[in-house]
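Have a look at the structure below before the remarks.
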Amino acid sequence: MKLALWQRFWLLLSGIWALVCLLSAFTIVAFSEGEAEKAWQPALLAFAVPALGYLLAWGYFRLRRR
C-alpha cells in the first residue's frame, strides 16, 4: 500500500496528536479527584482533530488534482 506524502505526514502528526491528548486525559483522571469528566474533552479531540484534518487535506488534494 503506497501512501502519498501528505498522508504519511498526516499519519505521523495524528499519532503524535493522539498520544499527547490521551496522555493529557489519563493525567486528568489520575491526578484530579472527582473531575474525571474533564478528561472527555482531550479524549474526543484525540480522534476528532485528525479526522477533520484528513478530510480537509483529502478534499484539498482532490480538488487540486482536477
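Remarks
- Once the Cα atoms are used to define both axes, helix 5-31 deviates from the longest principal axis of the chain by about 10 degrees.
- Extension reserve of the Arg64-Trp40 stretch, reckoned as 0.36 nm per residue once the Cα distance is removed: 5.0 nm
- Overall dimensions of the range 5-65 as given by Cα atoms, namely Rg and Dmax in Å: 14.8, 51
- Between the helical axis of 40-65 and the longest alpha-carbon principal axis of the chain there is an angle of about 10 degrees.
- When only the Cβ of Lys, Arg, Asp and Glu is charged (+1, +1, -1, -1), the dipole of the chain relative to its Cα centre reaches about 840 debye.
- Calculated FRET value between Leu12 and Glu33, using beta carbons and R₀ = 30 Å, to 0.05: 0.25
- Ala4-Phe47 pseudo-label distance in nm [points 7 Å out on the Cα-to-Cβ vector]: 2.6
The numbers here are math on the coordinates, done by the rules we state, and not lab data. It should be emphasised that the depicted structure is a prediction, and the values quoted were computed from it without experimental measurement. Virtual Cβ from ideal backbone geometry, glycine too; neighbours counted across all protein chains shown.
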